[in-house]
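The values are calculated or read from the model by the stated rules, or taken from the named source; none is laboratory data. Since this is a predicted model, take the numbers as computed values, not measurements. Every residue, glycine among them, receives a Cβ derived from its backbone with ideal geometry; neighbour counts consider all protein chains shown.
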Ligand SMILES: Cc1ncc(C[n+]2csc(CCOP(=O)(O)OP(=O)(O)O)c2C)c(N)n1
């Protein structure tokens with residue numbers, strides 16, 4: 001369902017409220033209640049067992065207590081349809097995972113970091129859930145980043161018109177994160193089928209609500225988002241909790257939009273086994289939290305209402321205790337992951353199928369990129385484009401996505417709010433269904449920093465963290481670079497930061513043909529790709545325009561291009577610097593100097609063998625980049641040259657790079673900071689004569 005359909009639905013809000021009002025209140029259904037109790041007890045008994053195993057030094061060092069959170073998790077899970085609905089549960093949501101169908105043995109095996117198919121196979125800390133079949137995308141330790149991913153997943157559901165629901169949970173502390181609010185905003189704006197559950201235990205480790213939340217209530221804060229229904233409940237009250245969750249799930253499934261359930265729960269245990277609540281909670285607070293124990297209260301209710309007898313509950317507890325003991329024994333016998341596999345699965349395998357055809361008319365880079373996206377959208381209905389200003393008549397501030405909304409519709413090329421973390425988080429969630437392939441735009445690389453948590457901590461490592469269970473075929477395009485008087489905030493070259501993050505591929509083309517073929521390969525790649533486009537090259541015709549490659553022509557990543565052959569010195573460059581290198585090499589050629597220019601084209605993966613081959617011939621290396629010299633990607637090239645090509649070198653490796661300084665606006669100042677042709681020419685002459 002698109003945003004416009006949602007607007008119409010909003011006007012029918014009263015109708016919906018009527019409909020929800022007519023749902024019969026959840027009475028105590030024996031089967032449901034006993035299943036809920038079973039899940040809650042299991043979560044508690046696993047807690048007890050884990051605590052014991054840590055004390056006994058049985059191979060696990062880290063343990064998270066879920067005591068007090070059992071009911072909200074269990075009832076949330078029982079409101080969902082396993083293997084149909086989607087879930088982004090946080091680390092204190094073990095009862096949710098159990099209720100949805102995760103096995104006790106698997107949870108204990110994850111606790112012991114064993115090599116099991118789900119929950120990361122030893123790569124993540126315990127209770128960081130991941131389960132392909134149960135549709136739990138791999139969860140990280142980052143408090144709050146799950147919300148936007150859940151919203152992305154829900155956007156995918158809405159786009160496909162499926163009747164699925166997304167559950168996402170977090171603690172009260174997580175609601176202080178901007179991502180939480182961005183998620184509520186986007187889900188409300190698009191009327192998405194998400195159930196947000198905040199398990200509000202009043203503490204974020206040692207920080208109480210009074211130091212965390214303005215006005216002390218998350219529900220009040222969230223009520224400002226039009227289109228979001230907010231439930232404020234006691235998460236230890238079976239009837240209230242069940243009722244709220246059923247309504248929230250019903251609302252999502254029937255296409256009426258998101259809900260937020262804020263459930264008050266006690267945190268009876270410590271934050272984790274390395275935390276001592278006595279350092280920040282009073283004796284009275286600790287005692288009163290114990291008093292609110294949802295299990296004891298639920299058992300009392302079941303007995304009072306004649307749903308279960310004391311004997312039945314004791315029998316159930318005995319059976320589950322044994323089940324946990326047996327599962328712990330079985331988990332303990334499982335193998336750990338092999339040491340040799342430690343660095344496996346950073347990237348999903350991908351081989352391009354290239355079908356070269358006759359080239360078309362000459363195009364500049366901005367047209368080549370636009371055509372690449374349009375062709376891929378035509379080829380694959382799962383390819384979708386979004387970002388700031390990308391839709392409708394504008395088509396991006398540089399026009400790269402122009403005409404895509406008109407051609408493919410509002411669902412496939414849409415604007416996002418001005419929130420980069422939303423763009424990145426949404427991209428991750430959209431991949432979950434295996435149907436959607438986001439091609440997102442961050443308007444300027446300089447503004448990617450508010451998305452960096454989602455990119456570095458989440459997107460880059462999902463394949464690794466899930467031990468290959470989940471992958472993210474996301475492309476994030478970012479215009480970058482200087483020489484256009486963009487000042488400190490429209491001129492940065494951020495490639496070195498990106499390359500330092502394992503799991504991201506980084507492309508940085510220097511001409512129109514490479515840009516088109518690389519972008520098409522990026523869109524088909526099952527891994528996340530950051531695609532850096534130099535703003536000054538978009539319309540550059542003299543050096544960058546090329547005959548347009550055909551629709552099935554792709555360029556493999558990790559294949560550098562020898563742009564110009566030479567014998568005196570090897571000049572390594574990428575992006576706009578290739579053009580500068582070429583101009584200077586032509587000047588030097590007039591004096592009889594021969595410069596070999598290598599355009600890396602992709603920095604991750606890096607084709608270093610082409611550099612080494614060139615070094616064998618020239619024995620001299622100069623690296624050129626516009627980013628600041630300190631820790632720039634040139635440092636990596638220089639280090640590799642010394643490590644792998646020392647015996648070929650006849651001179652020190654030279655870097656010509658930007659000054660270690662922000663890029664100023666004033667033309668003369670900008671020229672001082674960014675490398676100029678004269679700097680390159682002087683450095684080359686000196687190196688050749690070394
Ligand atoms: C972004 C981020 N900052 C800090 C941490 C360290 N940390 C882990 S859990 C936690 C407290 C979270 O509190 P809350 O969201 O209320 O959940 P609770 O643990 O109380 O259930 C903190 C600060 C983190 N994991 N992620």
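Out of everything in segment 147-165 that is more than 16 Å from the ligand (Cβ to nearest atom) and closer than 22 Å to residue 451 by Cα, what residue ends up being surrounded by the fewest Cβ atoms within 10 Å (Cβ to Cβ)? Talk me through it step by step, then tell me what you get.
Going residue by residue through segment 147-165, those that are more than 16 Å from the ligand (Cβ to nearest atom) are 151-165.
Next, from what is left, pick out any that are closer than 22 Å to residue 451 by Cα: 151-156.
Details: 151: 32, 152: 32, 153: 29, 154: 31, 155: 28, 156: 26.
Selected residue: 156.
To keep it simple, each residue is scored yes or no on (1) modelled with pLDDT under 95; (2) within 22 Å of the chain's Cα centre (by Cα).
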residue	(1), (2)
358	yes, no
361	no, no
366	no, no
373	no, yes
389	no, yes
397	no, no
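The condition (being part of a loop (DSSP other than H, G, I, E, B) and either crowded, with 19+ Cβ neighbours inside 10 Å or in the same structural domain as residue 307 (by TED's automatic domain parsing) (or both)) is satisfied by just one residue among 268, 286, 233: 268.
If a residue has to be part of a helix (DSSP H, G or I) and surrounded by 14 or more Cβ atoms within 10 Å (Cβ to Cβ) to count, how many in segment 49-62 make the cut? The total comes to 5. Residues that are under 20 Å from residue 72 (Cβ atoms) and part of a helix (DSSP H, G or I) within segment 155-184 comprise 173, 174, 175, 176, 180, 183, 184, listed in sequence order. Candidates 178, 170: the one that is touching a residue at least 24 places away in the same chain (Cβ under 8 Å), surrounded by fewer than 21 Cβ atoms within 10 Å (Cβ to Cβ), within 15 Å of the ligand (Cβ to nearest atom) and closer than 18 Å to residue 454 by Cα is 178. For segment 64-80, residues that are within 13 Å of the ligand (Cβ to nearest atom) and surrounded by fewer than 24 Cβ atoms within 10 Å (Cβ to Cβ) total 3. Of the residues examined, residue 572 is not one that is surrounded by fewer than 24 Cβ atoms within 10 Å (Cβ to Cβ) and modelled with pLDDT of 95 or more. One residue alone among 364, 346 is more than 28 Å from residue 405 (Cα to Cα) and either surrounded by 13 or more Cβ atoms within 10 Å (Cβ to Cβ) or not assigned by TED's automatic domain parsing to the domain that holds residue 605 (or both), and that residue is 346.
Listed conditions (1) closer than 18 Å to residue 269 by Cα; (2) in contact with a helix residue (DSSP H, G or I) (Cβ under 8 Å, 6 or more places away or on another chain); (3) within 16 Å of the ligand (Cβ to nearest atom) are all met by residue 41, apart from (3). The residue that is surrounded by the most Cβ atoms within 10 Å (Cβ to Cβ), counting only those in segment 432-454 that are in contact with a helix residue (DSSP H, G or I) (Cβ under 9 Å, 6 or more places away or on another chain) and over 22 Å from residue 533 (Cβ atoms), is 432.
Looking at 260, 301, 245, just one residue is buried (at least 19 other Cβ atoms within 10 Å of the Cβ), more than 15 Å from the ligand (Cβ to nearest atom), modelled with pLDDT of 95 or more and assigned by TED's automatic domain parsing to the domain that holds residue 53, and that residue is 245.
For first residues located in segment 130-146 and in the same structural domain as residue 427 (by TED's automatic domain parsing) and crowded, with 20+ Cβ neighbours inside 10 Å, partners that are at pLDDT 95 or above and part of a loop (DSSP other than H, G, I, E, B) and lie 6+ apart or on another chain with Cβ distances below 9 Å do not occur. Residue under question is residue 385, and the condition is that it be within 21 Å of residue 552 (Cβ to Cβ), assigned by TED's automatic domain parsing to the domain that holds residue 479 and either out of contact with any strand residue (DSSP E or B) (no Cβ under 7 Å at 6 or more places or on another chain) or not in a helix (DSSP H, G or I) (or both); does it hold? Yes.
Among the conditions (1) in a helix (DSSP H, G or I); (2) within 16 Å of the ligand (Cβ to nearest atom), the only one that residue 92 does not satisfy is (1).
Here are 229, 205: which of them is away from the ligand (no atom under 12 Å from the Cβ) and modelled with pLDDT of 95 or more?
On the way: 205 fails: away from the ligand (no atom under 12 Å from the Cβ).
Of 229, 205, the one residue that is away from the ligand (no atom under 12 Å from the Cβ) and modelled with pLDDT of 95 or more is 229.
In this structure, residue 104 does satisfy being in contact (Cβ under 8 Å) with a residue 60 or more places away in the chain, in the same structural domain as residue 38 (by TED's automatic domain parsing) and over 29 Å from residue 225 (Cα atoms). Candidates are the residues of segment 518-544 that are surrounded by 20 or more Cβ atoms within 10 Å (Cβ to Cβ) and assigned to a loop (DSSP other than H, G, I, E, B); the one that is farthest from the chain's Cα centre (by Cα) is 544.
The requirement of being touching a residue at least 12 places away in the same chain (Cβ under 8 Å), assigned to a loop (DSSP other than H, G, I, E, B) and touching a strand residue (DSSP E or B) at 6+ places or on another chain (Cβ under 8 Å) is not satisfied by residue 336.
Of the strands (runs of 3 or more DSSP E) lying entirely inside segment 409-517, those containing at least 3 residues that are closer than 30 Å to residue 353 by Cα are 437-441, 475-480, 505-507.
Condition check ((1) in contact with a strand residue (DSSP E or B) (Cβ under 6 Å, 6 or more places away or on another chain); (2) away from the ligand (no atom under 16 Å from the Cβ)) across all residues:
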| residue | (1), (2) |
| --- | --- |
| 96 | no, no |
| 110 | no, yes |
| 114 | no, yes |
| 118 | yes, yes |
| 129 | yes, no |
| 141 | no, no |
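Please find, among 94, 55, the residue that is under 24 Å from the mean Cα position of the chain (by Cα) and at negative phi.
Details: 55 fails: under 24 Å from the mean Cα position of the chain (by Cα).
The match here is 94.
Check segment 216-225 and report whether any residue there is assigned to a helix (DSSP H, G or I), within 14 Å of the ligand (Cβ to nearest atom), in contact with a strand residue (DSSP E or B) (Cβ under 7 Å, 6 or more places away or on another chain) and not assigned by TED's automatic domain parsing to the domain that holds residue 437. Among the residues of segment 216-225, at least one is assigned to a helix (DSSP H, G or I), within 14 Å of the ligand (Cβ to nearest atom), in contact with a strand residue (DSSP E or B) (Cβ under 7 Å, 6 or more places away or on another chain) and not assigned by TED's automatic domain parsing to the domain that holds residue 437, which makes the answer yes.
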